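Presented below is the structure to which this report refers.
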Ligand SMILES: Nc1ncnc2c1ncn2[C@@H]1O[C@H](COP(=O)(O)OP(=O)(O)OP(=O)(O)O)[C@@H](O)[C@H]1O
Ligand SMILES: [Mg+2]
């Protein structure tokens, strides 16, 4: 898994001119060896890397370069967070993995994406679902005119393991999301934002995935509901063994629930490390968690020259 990195993946050296976090990143990031990742997961054994994104570049409309060499890996059994502000490239990265860029005139023009060692760039999204990778899109995207239960059942359409197994998984989804059971006959379009997010995650679970690519689950939800949804994600990870690659702007909540994080800025990974280390990193605290020695402040309020000075020091 480390071949790309060892070969000098872009994460190793932020390009000159770009505001990068090289110095800080080196401080938080020991070499990502498998045994080291084992410690990350509180003793849970991580035997393999599922997803490996190597130095990818994505271009929209043949001219707009959005991802400029992104590398990341998702270990089996982990929750990996992909963090960054508006337009950083989080959704684009997830769509590159699940092959959803073509409909937006986007294309992976460099690098490679492998799942369990197999190149997946030429697979269709439904092939990928059969391999165990499913994406929950940003903004939920439930079928509004179907009921909650019909939405959930659409997630099982690629399965060939029989009605009994599907019915058992529907019960499993209702166990994790009791609200969905209460609303199962309601038209999805009339359910709340939180219920729609649960419905979208539940529908993904119905495909019996090994890995869920979850895009911005906190979007537009009240803080209490965000906690509830992240708590369920953690349970699914620990009890059902589902691995997650989670794109989030909400750095605070994501770093509390994830094991490992990557921070994207302007289409590049500028920092990565175990979530606990990122939470303690002064730059992450100041620019992403809104806390510094001088008290709370917004990332937007900080002049870029100050950021640059700090990162280069
Ligand atoms: N279909 C598209 N065509 C052209 N540019 C696009 C397209 N989709 C996204 N972009 C651009 O790519 C960049 C990254 O967008 P992306 O949606 O991946 O960011 P993000 O990190 O998910 O942001 P957010 O947190 O706002 O969802 C942005 O500058 C965006 O304008
Ligand atoms: Mg996005």
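Read the figures in this text as sums done on the coordinates, not as results from a lab. These figures come from a predicted structure and were not determined experimentally. So basically every Cβ, Gly included, is an ideal-geometry build from the backbone, and we count neighbours across all protein chains shown.
Evaluated at q = 0.10, 0.14 Å⁻¹, the base-10 log of the normalised Debye intensity for the range 176-291, with identical point scatterers placed on the Cα atoms, takes the values -0.33, -0.63.
Exposure proxy shown here: for 287, 143, 257, the number of other Cβ atoms within 10 Å sets the order, fewest to most, as 143, 257, 287.
Rounded to the nearest whole angstrom, the semi-axes of the ellipsoid equivalent to the range 151-219, taken from the Cα gyration tensor as √(5λ), stand at 20, 15, 10, largest first. You can think of it this way: the chain between residue 127 and residue 185 has 17.9 nm of extra reach, that is 0.36 nm per residue less the Cα-Cα gap.
Calculated over the range 213-255, the projected area of the Cα convex hull averaged across directions stands at 2.8 nm². Distance between the 7 Å Cα→Cβ label points at residue 168 and residue 119: 3.8 nm.
Peptides 80-88, 219-227 ranked from most to least packed by the mean count of surrounding Cβ atoms within 10 Å: 80-88, 219-227. Measuring nothing but alpha carbons in the range 33-190 and taking Rh as the Kirkwood radius, the Rg to Rh ratio lands at 1.01. Per q in 0.13, 0.15, 0.16, 0.22 Å⁻¹, report the Debye log10 I(q)/I(0) for the range 219-284, using one uniform scatterer on each alpha carbon and no solvent. Debye curve over Cα of the range 219-284, log10 I(q)/I(0) at q = 0.13, 0.15, 0.16, 0.22 Å⁻¹: -0.39, -0.51, -0.58, -1.01.
Measure out, as a whole number of angstrom, how far apart the alpha-carbon centroids of the range 217-239 and the range 155-196 sit. That distance is 17 Å. For the range 113-255, the alpha-carbon radius of gyration amounts to 1.01 times the rule-of-thumb value 2.2 N^0.38 Å expected for a compact globular protein.
A straight line joining the Cα centroids of the range 101-154 and the range 262-292 runs 27 Å.
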